[in-house]
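The values are calculated or read from the model by the stated rules, or taken from the named source; none is laboratory data. The shown structure was predicted, so the numbers you read here are calculated from the model rather than taken from an experiment. Every residue, glycine among them, receives a Cβ derived from its backbone with ideal geometry; neighbour counts consider all protein chains shown. With ligands, DNA and RNA removed, areas are computed over all heavy atoms of the protein, side chains included. Shrake-Rupley method; radii C 1.70, N 1.55, O 1.52, S 1.80 Å.
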Amino acid sequence: MKNPRTPTARRWRRYLPLLIVPPVICSILSGVLTWLVAPDAPDFGARWARNFLSALPVLPVGMIVMGRMNRVLAPVLGPRSPLLLKLTLALVTALVMETLIGGIVVIGQHGLSTDLPGQVAHAALRALPVGLGIALLMAFVIRPRLQRWQERLA
């Protein structure tokens, strides 16, 4: 059996949060949005599973948006107010993720229609408190812990 402190094991441990955290977030958001879009529809579990699997590919988009926004806003807001920077990043990330996952859920439930933008906006705004809660938790608790953990493993 290999020693868990070998460089290969340490390298894999660095990527473990990237394999766990995004799917957990996606499962919560897709579940909330699935319920909000059609709370009375039958087979909630099957619809949630389908929406979850469909939403997984958009998670990297949310991570990329958060990273790019951080690069743009950090020089402007970071030196003045790290708190405002984190709050802004959380809000932007929540809006992007709710809109992306909301779009997937609405298309999965209702298909493409002329009312699609309105339905997506309505679903995203209704689910925004949950998404904002997750984004704030990520910005203030999970991300700093992951950064410290990865620094320790480096």
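Helix content alone sets the calculated 222 nm mean residue ellipticity of the chain: runs of n ≥ 4 DSSP H residues at -39500 (n - 2.57) each, divided across all residues, give -28000 deg cm²/dmol.
Starting with the highest mean, order 109-117, 136-144 by the number of other Cβ atoms within 10 Å, averaged over the residues of each peptide.
Final packing ranking: 136-144, 109-117.
Using a probe radius of 1.4 angstrom, the carbon and sulfur fraction of the accessible surface of the chain is 68%.
Annotation: per residue accessible area for segment 5-84 equals 65 Å², rounded to a whole number [probe 1.4 Å, protein chains only]. Entry for the chain at q = 0.08, 0.09, 0.20, 0.21 Å⁻¹: log10 I(q)/I(0) = -0.28, -0.35, -1.19, -1.26, Debye formula applied to identical alpha-carbon scatterers, no solvent contribution. Taking amide H atoms as placed 1.01 Å from N in the peptide plane, the amide H of Ala38 has no partner under 5 Å among residues 5 or more positions away or on other chains. Across all Cα pairs in segment 112-154, the calculated P(r) in 5 Å bins from zero up to the longest distance comes to 5, 20, 14, 13, 11, 11, 9, 8, 6, 3, 0 percent per bin. Among the trypsin sites (Lys or Arg not before Pro) found in segment 66-103, those both in a DSSP coil and sparsely packed, with 14 or fewer other Cβ atoms within 10 Å of their Cβ, are Arg80. Using the Cβ of Gly108 as centre and a radius below 10 Å, the other residues enclosed give a net charge of +2, where K and R count +1 and D and E count -1. Taking each residue as 0.36 nm, the span from Arg148 to Leu112 lengthens on full extension beyond its C-alpha to C-alpha distance by 8.6 nm. Sequence gap at least 6, Cα distance under 8 Å: using those rules, report the relative contact order of the chain to the nearest whole percent. Normalised by residue count, the contact order of the chain is 31 percent.
For the chain, what is the charge dipole size about the Cα centre, in debye to the nearest 20, if Lys and Arg each add +1 at the Cβ and Asp and Glu each add -1 at the Cβ?
Result for the chain is approximately 1200 debye, rounded to the nearest 20.
Near Ile25, once Lys and Arg are set to +1 and Asp and Glu to -1 for all other residues with Cβ below 14 Å from its Cβ, the sum equals 0. The residues packed around Trp35, meaning those with a beta-carbon under 15 Å from its beta-carbon, carry a net charge of 0 if Lys and Arg are +1 and Asp and Glu are -1.
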